[in-house]
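Comments concern the structure below.
The values are calculated or read from the model by the stated rules, or taken from the named source; none is laboratory data. Everything numeric in this text was worked out from a predicted model, so none of it was measured. Glycine gets a Cβ as well: all are built from the backbone with ideal geometry, and neighbour counts include every protein chain shown. Accessible surface is based on the protein model in full, side chains and every heavy atom, while ligands, DNA and RNA are left aside. Shrake-Rupley method; radii C 1.70, N 1.55, O 1.52, S 1.80 Å.
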Amino acid sequence: MIPALFLIALLMLGSAAAAMLLRNLIHSALLLIVSWAGVAAFYLWAGAEFVAFAQILVYVGAISMVVLFAVLLTRQNQIIDTVIEPASRARAATAFTVAACVAAVFSAAILSTKFHPAAPEAPTASVKEIGLTLMNEHGGALLIVGLILTVALLGATILAATDRDEDQSQPSDAALPPKETP
Amino acid sequence: MSLSTLSSQLSTAATASSAAAAAASPDSFLERAPLELRDWAVNLLPTPVQWLAHHLITIVCILAVFGLFFAFTTIAERKLLARLQNRLGPNRSGLPKLSILPWHFKHTLFGLSQPFADAIKAITKEDIVPAAADKLLHFLAPVIVVAFSLMTFAVLPFGRNIIPVELDAALLYFFAAGAATELAIFMAGWSSRNKYSLLAAMRALAQLISYELPLILSVVPIVLVTSTLSTKAIVLAQSGWTFGFLPHWFVFTPWGFAGFIIFLIAALAESNRSPFDLPEAESELVAGHLTEYSGFKYALFFMAEYFGLTALSGLGVTLFLGGWQAPLPFLEFIPSYLWFMGKLICMIVFFIWVRGTLLRLRIDQLTRLAWQFLVPLALLNIANAAFWVLTTQWSLPLQFVRWGVSAAIVVIPFIMMGRALSASYAPRSYRYAP
């Protein structure tokens, strides 16, 4: 029980820390995926099968692909070995500021939440009940989350993409030659 | 609930359900034989290790059965493709002459020992790793791809009582386990430190991501109708016969048939089979993302591809073709696991037939087929299944209307979209030099 939790926590935090410390961007991305898989293992440990498999399907299957494609397609220097340049003082300061802001938001949210004492027996929810709850009660929230994810994806692409003149002069791949007549 | 209690609960649930089934249903001896054999073997061991032995036996069974299945799929594929191409195929490998034996069994066994010869060849080949490669990832990629493609077998119900792990969210587990193969392909392509490997890996990923959507969307109608994600419950929902001879398999409903066709196409693409074998089109590329792999690692990728194909075929059988159910009531005396394996073999032979018949697509045709044709059709099919669920209570004359409307919902868009999309591309006209 508890040793397993510590192992999972070690896996999650260790891979996340290694992802931050490594210089190679692809290694970092892969370790981040390991960390997400650790989150899924934690859900499994907590008995939430559905959430665990959804976590693997979404994060390990889909978001990881977005991250890897983004890393490979948006790098300006087309060298395969994408190494991050050494950290500067400004970058470190920005990173710490952002991290502090996120931590403040999270801790405010956690501290302001009133936790009811949990029932001694874990509730067993079937997949059908989860589906009905998701679609009836929390349908709006689900749609909003989807919208936010789309916006985040578009924003990331816009941030990473830079307009270059030679891009516009190239013909688009979609344009196919017109139908030939015999 | 911890992992250990979860697994113990699962195993107790499995044994309890099997015991209940053995007590209640008129199961023949053959039906119960595999479970009885397992329980007998488990009971030989002391109590503390029984749960471990229980799971290990399951794992070893899957490995042995599907390892051999893989071996004979390769030889079946080579022989069938050869016949389709007017050749004989491998027919020379018999048994080797062992020097300690005084006699030699000279029959060539119709070449059926070819996969074992291939395996020995793959093991004894030199394992070349490029000097600049990322050694760890280069090694991990084939390991991950085989491990995760084997994990998908865990939730397939192979027989009435034979299901390795009974999960409430089995379908979700299946696709979650399959998702990791994409990562392995990326790792293989990137760690080779070869531009062509990386490019091919990105192409392969684009294909896999494009077809994962129709694959999952084609399965959603089943979940909608049965309102469960458990593979066992889905098979049980397909039991019974109308008029005593029409099985209630989902493939025999309009939405199920459309879903099955979409599932077949997406499964072909997901397992890199012809006509969607662009990632390693052997006559166009060297070997795609496997260019820098050799020896047994290459064989492992090959193996994972066939495991993935077999698992997806098994899922197709489970979801659409009634799983382990017999097609006719009087054929029920044949054990359920033989029905499952028979249907599985039919699916595999169908895939081999498709490979021998159809031509390879171009990458733009491939992605256009997925995004412009299969995804909208699959979405329509979900609406179709919803209509089917809402009209379950209709009386007999209205049932004909229900079937007609349900068929129209898939057939009319199929024809219209097919015409609209192929308007500028087909029929093709060729001009030859005079």
Could you compute the longest span of chain B free of GluC sites (Glu not before Pro) located in DSSP loops and having at most 13 other Cβ atoms within 10 Å, not counting the site residues?
B:127-281
Lysine pairs, Cα distance under 22 Å, 8 or more residues apart or cross-chain: how many in chain B?
14
In whole angstrom, how far apart do the alpha carbon centroids of the stretch A:1-73 and the stretch B:198-258 sit?
29 Å
Connecting C-alpha atoms closer than 10 Å in a GNM of chain B, tell me which of B:Gln399, B:Gln372, B:Gln325 has the biggest fluctuation.
B:Gln399
From the backbone phi of the stretch B:185-192, what are the Karplus-calculated ³J(HN,Hα) couplings (6.51 cos²θ - 1.76 cosθ + 1.60, θ = phi - 60°) in whole Hz, Gly and Pro given as x?
5, 4, 4, 4, x, 6, 6, 6
Could you work out the mean count of beta carbons from other protein chains within 10 Å of each residue's beta carbon in B:163-173?
4
Could you run the Karplus curve 6.51 cos²θ - 1.76 cosθ + 1.60 with θ = phi - 60° over the stretch B:101-109 and give me ³J(HN,Hα) per residue in whole Hz, x for Gly and Pro?
8, x, 10, 10, 6, 8, 5, 7, 6
Cβ-based charge dipole, the protein assembly as shown, positive-most Cα from B:Gly322, B:Val42, A:Leu30:
B:Gly322
Order the peptides B:62-71, A:136-145 from the highest to the lowest mean number of other Cβ atoms within 10 Å of their residues.
B:62-71, A:136-145
To the nearest 20 debye, what charge dipole does the protein assembly as shown have about its Cα centre, counting +1 at the Cβ of each Lys and Arg and -1 at the Cβ of each Asp and Glu?
1200 debye
Figure the gain on full extension for B:Ala119 and B:Cys346 (residue separation times 0.36 nm, minus the Cα-Cα span) and round it to one decimal in nm.
79.2 nm
For peptide A:46-54, the mean count of other chain Cβ atoms within 10 Å per residue Cβ is 5
Cα extents of the protein assembly as shown per principal axis, largest first, Å, are 84, 76, 72
When the accessible area of the protein assembly as shown is computed with all protein chains present and a 1.4 Å probe, what percentage of it is carbon and sulfur?
73 percent
Mind checking the mean number of beta-carbon atoms from other chains within 10 Å of the Cβ atoms in B:178-187?
4
Mean projected area (nm²) of the alpha-carbon convex hull when the stretch B:275-434 is viewed from all directions
15.6 nm²
Determine the total buried accessible area between chain B and chain A, counting protein heavy atoms only with a 1.4 Å probe; round to the nearest 100 Å².
3200 Å²
In a Gaussian network model of chain B with springs linking alpha carbons closer than 10 Å, the residue among B:Val165, B:Val42, B:Val317 that fluctuates most is B:Val42
Once Lys and Arg get +1 and Asp and Glu get -1 on their Cβ, which of B:Trp103, B:Leu359, B:Leu377 lies farthest toward the positive end of the dipole of chain B?
B:Leu359
Peptides A:18-27, A:37-46: what's the order by average Cβ count within 10 Å, highest mean first?
A:37-46, A:18-27
Where nothing but the Cβ of Lys and Arg (+1) and of Asp and Glu (-1) is charged, how large is the charge dipole of chain B around its Cα centre, in debye to the nearest 20?
1240 debye
Among B:Ser271, B:Trp51, B:Phe175, which residue has its Cα furthest toward the positive end of the charge dipole of the protein assembly as shown, with +1 on Lys/Arg Cβ and -1 on Asp/Glu Cβ?
B:Ser271
Does chain B come out rounded, prolate or oblate by the C-alpha gyration tensor, with a ≥ b ≥ c the root eigenvalues, rounded set by a/c under 1.5 and, if not, prolate when a/b is larger than b/c and oblate if not?
oblate
Between the stretch B:354-372 and the stretch B:294-317, the Cα center-to-center distance that results, in Å:
20 Å
Under Stokes-Einstein, the stretch B:102-156 at 25 °C and 0.890 mPa s, with its Kirkwood radius over C-alpha pairs, diffuses with a coefficient in µm²/s of 162 µm²/s
To the nearest Å, what is the center-to-center distance of the stretch B:131-148 and the stretch B:54-97, using C-alpha atoms only?
25 Å
Phi-derived 3J(HN,Hα) across the stretch B:160-166 with the Karplus relation (6.51, -1.76, 1.60, θ = phi - 60°), rounded Hz, x for Gly and Pro, is 3, 10, 9, 9, x, 10, 9
Residues of the protein assembly as shown: accessible area per residue with a 1.4 Å probe, Å²:
56 Å²
Once a ≥ b ≥ c are taken as the square roots of the eigenvalues of the Cα gyration tensor of the stretch A:1-81, is the result rounded (a/c under 1.5), prolate (a/b larger than b/c) or oblate (a/b not larger than b/c)?
oblate
Name the shape class, rounded, prolate or oblate, that the alpha-carbon gyration tensor gives for the stretch B:175-219, where a ≥ b ≥ c are the square roots of its eigenvalues, rounded holds for a/c under 1.5, and otherwise prolate holds if a/b is larger than b/c and oblate otherwise.
oblate
